């Protein structure tokens, strides 16, 4: 009998992919925002007590970075208070918890990749509430894996990839920030990596996942680093060369041709937003590599796989011995 998995947040980019991959590991019960309101703690408690899973995977998050500045209470409810309840209930029933956090827990003042033990100093409400969620999970003493990701994008939803393609059908010139550096990561790569990790620790008899020895925080991002400016250029270059991107591309562009001819680099100061972003939020994946023998592809490889022919697309992260 496969272990029971409660997957929370199936509306999100990573959650949508985990629905496809997690059945390899266990019997998955998916809950989207229509079935579970994360601003209602008692609803969360009831769901966990009702399903009694061996593993809770929380892929839900309030990710509207700028909107969070004016909706701090909602962002905190989803990003901090809800994970605290999940951790508390998981601890009571002997379940393990997987949770996703962000590179925005850091201030961006470093010039080398952030490690898991570097002190957090978020510069916006989104990052602050995500860090509060991390602290709550750790304080509960539940067995957990917290994965910090960066610049997650997908072929559906709302993200940088789709925004650039949409804007490229409307403007000949795009002005993109060049002084914010990170490692954009494809949602499907994250989902497959999580699933592959879990297969190493899965109790096929339906008991608890044996995660206690590896419990903690891990960074999980694409290898390498890039600015939003360079990422935007790479997106348009891939789009120009692709002949078989698929129906997602037609949906992203609404079937319109790309008319963008120039991408102009600008500074953060020239592009004012309600929320302050870290200038440098590249994360070190050394702990992930060392613990799970896992190396995610480079951001260039991940982006190329989105536009590649289906037969040539990347199927999983690389495990290294």
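The values are calculated or read from the model by the stated rules, or taken from the named source; none is laboratory data. Fair warning: this is a prediction, and the values are worked out from it, not measured in the lab. No Cβ is skipped: glycine too gets one built from the backbone with ideal geometry, and neighbour counts run over all protein chains shown.
Side notes on the structure shown:
- Extreme residue, nearest to residue 100 (Cα to Cα), among residues of the range 5-22 that are touching a helix residue (DSSP H, G or I) at 6+ places or on another chain (Cβ under 9 Å) and surrounded by fewer than 17 Cβ atoms within 10 Å (Cβ to Cβ): 19
- Index of the failed condition, residue 234 passing every other in (1) farther than 28 Å from residue 180 by Cβ; (2) in a helix (DSSP H, G or I): (1)
- Residue under evaluation residue 195, criteria (1) in a loop (DSSP other than H, G, I, E, B); (2) at pLDDT 95 or above; (3) under 26 Å from residue 114 (Cβ atoms), criterion not met: (1)
Rundown of residues vs (1) touching a helix residue (DSSP H, G or I) at 6+ places or on another chain (Cβ under 7 Å); (2) within 23 Å of residue 210 (Cβ to Cβ), yes/no style:
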position	(1), (2)
33	no, no
56	yes, yes
62	yes, no
66	no, no
80	yes, no
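- Identity of the residue in the range 59-95, over 19 Å from the mean Cα position of the chain (by Cα) and not in a helix (DSSP H, G or I), that ends up nearest to residue 201 (Cα to Cα): 95
- Among the residues of the range 111-137, those that are out of contact with any strand residue (DSSP E or B) (no Cβ under 7 Å at 6 or more places or on another chain) and in a loop (DSSP other than H, G, I, E, B) comprise 112, 115, 117, 118, 119, 120, 121, 122, 123, 124.
- Screening residue 2 on (1) in contact with a strand residue (DSSP E or B) (Cβ under 9 Å, 6 or more places away or on another chain); (2) farther than 18 Å from residue 97 by Cβ; (3) in a helix (DSSP H, G or I); (4) in contact (Cβ under 8 Å) with a residue 60 or more places away in the chain shows it passes everything except condition (3).
- Qualifying residue in the range 140-158 (condition: closer than 18 Å to residue 63 by Cα and part of a helix (DSSP H, G or I)): no
- Residue that is surrounded by the most Cβ atoms within 10 Å (Cβ to Cβ), among those in the range 146-166 that are closer than 17 Å to residue 298 by Cα and out of contact with any strand residue (DSSP E or B) (no Cβ under 6 Å at 6 or more places or on another chain): 153
- Pairing residues of the range 246-263 that are in a helix (DSSP H, G or I) with residues that are surrounded by 11 or more Cβ atoms within 10 Å (Cβ to Cβ), at Cβ distances under 6 Å and at least 6 apart in sequence or on separate chains, gives 248/155; 252/162; 252/165; 253/165; 253/169.
- Complete set of residues in the range 54-78 that are in contact with a strand residue (DSSP E or B) (Cβ under 9 Å, 6 or more places away or on another chain) and surrounded by 22 or more Cβ atoms within 10 Å (Cβ to Cβ): 54, 55, 56, 57, 58, 59, 60, 61
- Looking across the range 167-189, just one residue is under 22 Å from residue 288 (Cβ atoms) and surrounded by fewer than 22 Cβ atoms within 10 Å (Cβ to Cβ), and that is 181.
- Pairs, first at pLDDT below 95 in the range 156-182, second buried (at least 20 other Cβ atoms within 10 Å of the Cβ), C-beta under 7 Å, six or more apart: 157/13
- Boolean, residue 226 is loosely packed, with under 14 Cβ neighbours inside 10 Å, at pLDDT 95 or above, within 15 Å of residue 179 (Cβ to Cβ) and within 26 Å of the chain's Cα centre (by Cα): no
- Some residue of the range 37-52 being on the phi > 0 side of the Ramachandran plot, outside any helix (DSSP H, G or I) and touching a helix residue (DSSP H, G or I) at 6+ places or on another chain (Cβ under 8 Å): yes
- Condition met for residue 265 (more than 30 Å from residue 135 (Cβ to Cβ), modelled with pLDDT under 95 and surrounded by fewer than 20 Cβ atoms within 10 Å (Cβ to Cβ)): no
- Set side by side, the residues 273, 221 differ, and just one is part of a loop (DSSP other than H, G, I, E, B), exposed (fewer than 13 other Cβ atoms within 10 Å of the Cβ) and in contact (Cβ under 8 Å) with a residue 60 or more places away in the chain, which is 273.
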